[in-house]
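The values are calculated or read from the model by the stated rules, or taken from the named source; none is laboratory data. These figures come from a predicted structure and were not determined experimentally. Heads up, the Cβs are rebuilt from the backbone with ideal geometry, glycines too, and the neighbour counts pull from every protein chain shown. Each accessible area value is taken on the protein alone, full model and side chains, heavy atoms only, with ligands, DNA and RNA left out. Shrake-Rupley method; radii C 1.70, N 1.55, O 1.52, S 1.80 Å.
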Amino acid sequence: MNVELLRCVYFSPTGTTGAIVKAIAPGLGSLRTTMVNRTRKAARDGETRAFRNEVVILASPVYYGRLPETVARYYSTLSAENTPALIVVVYGNRAYDDALRELYDIATARGFIPVAGAAFIGEHSYSSADQPIAAGRPDGEDLMKARKFGALVRKKLDGLDSLKAMERLVVPGNVPYREPDGLYQVKKLRQTAAFTPETDASLCTRCDLCAQVCPTAALDPDNLAKTNKEECILCFQCVKVCPVGVRRMEDMSSSPVVKRIYETCRERKEPEYYL
């Protein structure tokens, strides 16, 4: 199968999904490559994009075993014709549960033809210096495996006479999707509390980095101590970029959820491919 153009569409608040996508792309060979970073809300709003006769990578982080709702909504606006797709999820060393299947279903419904899938590991959003969870990942080994995955997909594409001749891709996941306990707990907590990162306004230097990196525009630029709990997806990038450490999640280190993830996710997990 002859392909010349690769488009990499991804959502990556903390940069881990973007790093994986950028490692996969060279493995696909000398294709003309375009990176389509749709992390920022302004880049997603009002966009309708159609793909035809090109290879597309669709990539997303995993939150609580599912795609972030904002990503699922955006990918559901895309459309494709005669377009092979690599579907990729990146999770924090716990589990990716139904996320890859969810991405497969959205891609198929929008006209993409999934030819390969993969699940890679990135540093968990809850990771901290005191309780590191997959800290530093994707690391060099992960990126090498991502490039290898790209090469395997290219070999598969080169061996196809047409997409119609390809066997249907099978990826793991439940249908209907299960709502994970962690996501249920967050939704329950938010019925009575904000449960979002907070800014100590008295110490804030007004650099505005937290508002700039927020993928859902959940922070009020005029009042950084205010966070829209309905929009916040708990990626914690705002916490990670705060140069003076005044953006934080109170009592997060003592949270039983974080402690459980830290204790049960120490064993290194490796990427998984579906071809």
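Selection over the stretch 30-54 of residues that are touching a residue at least 60 places away in the same chain (Cβ under 8 Å) and touching an Asp or Glu at 6+ places or on another chain (Cβ under 9 Å) gives a count of 2. Within the stretch 147-163, the presence of at least one residue that is touching a residue at least 60 places away in the same chain (Cβ under 8 Å) and over 25 Å from Ala80 (Cβ atoms) is confirmed.
Please indicate, with yes or no, whether at least one residue in the stretch 177-191 is modelled with pLDDT of 90 or more and either of a type in the set (Ser, Thr, Tyr) or open to solvent by less than 70 Å² (accessible area, probe 1.4 Å) (or both). Yes, because at least one residue in the stretch 177-191 is modelled with pLDDT of 90 or more and either of a type in the set (Ser, Thr, Tyr) or open to solvent by less than 70 Å² (accessible area, probe 1.4 Å) (or both). Scanning the stretch 238-264 for residues that are open to solvent by less than 40 Å² (accessible area, probe 1.4 Å), under 17 Å from Phe195 (Cβ atoms) and either outside any strand (DSSP E or B) or at pLDDT below 80 (or both) returns Cys238, Met249, Met252, Ser255, Val257, Val258, Ile261. Applying the criterion of at least 2 residues that are touching a Pro at 6+ places or on another chain (Cβ under 7 Å), of a type in the set (A, V, I, L, M) and at pLDDT 95 or above to the strands (runs of 3 or more DSSP E) found wholly in the stretch 19-94 leaves 83-91. If you check Val21, Val71, Val62 for being in contact (Cβ under 8 Å) with a residue 12 or more places away in the chain, more than 18 Å from Phe236 (Cβ to Cβ) and not small (Gly, Ala, Ser), only one passes: Val21. The single condition among (1) open to solvent by less than 50 Å² (accessible area, probe 1.4 Å); (2) touching a helix residue (DSSP H, G or I) at 6+ places or on another chain (Cβ under 9 Å) that Asp200 does not satisfy is (2). Looking across the stretch 164-176 at every residue that is without any contact (Cβ under 8 Å) to a residue 40 or more places away in the chain and not aliphatic (A, V, I, L, M), the one that is most open to solvent (accessible area, probe 1.4 Å) is identified as Lys164.
Scanning the stretch 104-130 for residues that are assigned to a loop (DSSP other than H, G, I, E, B), over 12 Å from Ala19 (Cα atoms) and either in contact with a Gly (Cβ under 6 Å, 6 or more places away or on another chain) or at pLDDT 95 or above (or both) returns Arg110, Gly111, His124.
Output the residues belonging to the stretch 180-203 that are touching a residue at least 12 places away in the same chain (Cβ under 8 Å) and charged (D, E, K, R). Answer for the stretch 180-203, where residues must be touching a residue at least 12 places away in the same chain (Cβ under 8 Å) and charged (D, E, K, R): Arg190, Glu198, Asp200.
The set of residues in the stretch 205-222 that are among the β-branched types (Val, Ile, Thr) and open to solvent by 70 Å² or more (accessible area, probe 1.4 Å) contains only Thr205.
Of everything in the stretch 92-111, what is open to solvent by less than 10 Å² (accessible area, probe 1.4 Å) and of a type outside the set (A, V, I, L, M)? Give them in sequence order. Asn93, Asp98 - these are the residues of the stretch 92-111 that are open to solvent by less than 10 Å² (accessible area, probe 1.4 Å) and of a type outside the set (A, V, I, L, M). Quick one: Ala225 ticks every box in (1) more than 23 Å from the chain's Cα centre (by Cα); (2) open to solvent by 60 Å² or more (accessible area, probe 1.4 Å); (3) hydrophobic (A, V, I, L, M, F, W, C) bar one, so which box is it? Single failed check for Ala225: (2). Picking from residues in the stretch 38-64 that are of a type in the set (Val, Ile, Thr) and open to solvent by less than 60 Å² (accessible area, probe 1.4 Å), the one that is nearest to Ser125 (Cα to Cα) is Val62. When the criteria are applied in full, Leu224 fails the requirement of being in a loop (DSSP other than H, G, I, E, B) and either at negative phi or modelled with pLDDT of 90 or more (or both).
Of the candidates Lys187, Lys148, Lys155, the single residue that is over 27 Å from Arg32 (Cβ atoms) and of a type outside the set (Ser, Thr, Tyr) is Lys187.
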